[in-house]
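Below is one structure, written out as structure tokens; comments come after it.
The values are calculated or read from the model by the stated rules, or taken from the named source; none is laboratory data. None of the values given here were measured: they were computed from a predicted structure. Cβ sites come from the backbone with ideal geometry, for glycine too, and all protein chains shown count toward neighbours.
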Amino acid sequence: MATPTALDETRRDAILNAALDCFLLHGVAGTTVDDLRSASGASTGCIYHHFGSKEQLAAALYVQILASYHDAFLASLKTSRSARTGVEGAVRHHLHWVAARPSHAKYLFHCREPEVVSESNRAARLLNANFYAEAGGWLADHVRKGHIRALAPELYHALWMGPSLEYTRQWLAGSSRPRDQLTGERQLAEAAWNALRVVR
């Protein structure tokens, strides 16, 4: 099998970037291949060559953004100096990531049409399994050290990131909060730490 060339990767990225704009504007179901061709400058044949179908393109875009988010989140944990800086840093990472990439965040958190879920399910499940295994290992280490409370896995996610996820969903939906920045970073980071830390 031939290895992808730099030109192939450039074309693929251009299609993905154009698809993001189209899917956010029209939805996946409402976007036509002609919309994608016009926005990306790629031929119909080129789009099908790289992705097979519009639905597979939508899934590839979702998986790419999910992987990028996971990688940056885990990097913030691995470079943290303590349980507190890790917990609070992950919240800050999430808020900064959303503020810097609102289009990516909108697609990741809101654009989950049935065809995208179906096509991306296998890859997304694998990414999520790896993500939660690594994040869970980091948590378990700090539980053993007596810094973080022992909780059920689903409670960690809800208490740690649940408030920040809801906060950014409202921000992305165009609430009355300022659009140029996300406020509440300090309060959300402190709340996450207080929810997980061992109280002495």
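For segment 17-83, which fully contained helices (runs of 4 or more DSSP H) count at least 3 residues that are under 21 Å from residue 122 (Cα atoms)?
Here the list reads 44-51, 54-78.
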Worksheet entry | Search result, residues across segment 116-137 that are closer than 20 Å to residue 154 by Cα, in contact (Cβ under 8 Å) with a residue 40 or more places away in the chain and charged (D, E, K, R) | 134
Worksheet entry | Among residues of segment 141-198, those that are within 23 Å of residue 102 (Cα to Cα), assigned to a loop (DSSP other than H, G, I, E, B) and at pLDDT 90 or above, counted | 1
Worksheet, complete the sentence: Just one listed residue, out of 36, 57, is of a type outside the set (Val, Ile, Thr), buried (at least 21 other Cβ atoms within 10 Å of the Cβ) and farther than 28 Å from residue 131 by Cβ, and it is 36
Discussion item. One residue is enough: does segment 174-182 have a residue meeting the conditions under 30 Å from residue 54 (Cβ atoms) and either surrounded by fewer than 13 Cβ atoms within 10 Å (Cβ to Cβ) or over 18 Å from the mean Cα position of the chain (by Cα) (or both)?
Written reply: yes
Worksheet item: Within segment 72-95, which residues are surrounded by fewer than 16 Cβ atoms within 10 Å (Cβ to Cβ) and under 23 Å from residue 61 (Cα atoms)?
Response: 72, 75
Fill in: Hey, residue 9 loosely packed, with under 13 Cβ neighbours inside 10 Å, in a helix (DSSP H, G or I) and over 18 Å from the mean Cα position of the chain (by Cα) or not
yes
Worksheet item: What are the residues in segment 53-97 that are more than 21 Å from residue 108 (Cα to Cα) and free of Cβ contacts under 8 Å to residues at least 40 places away in the same chain, if any?
Response: 79, 80, 81, 85
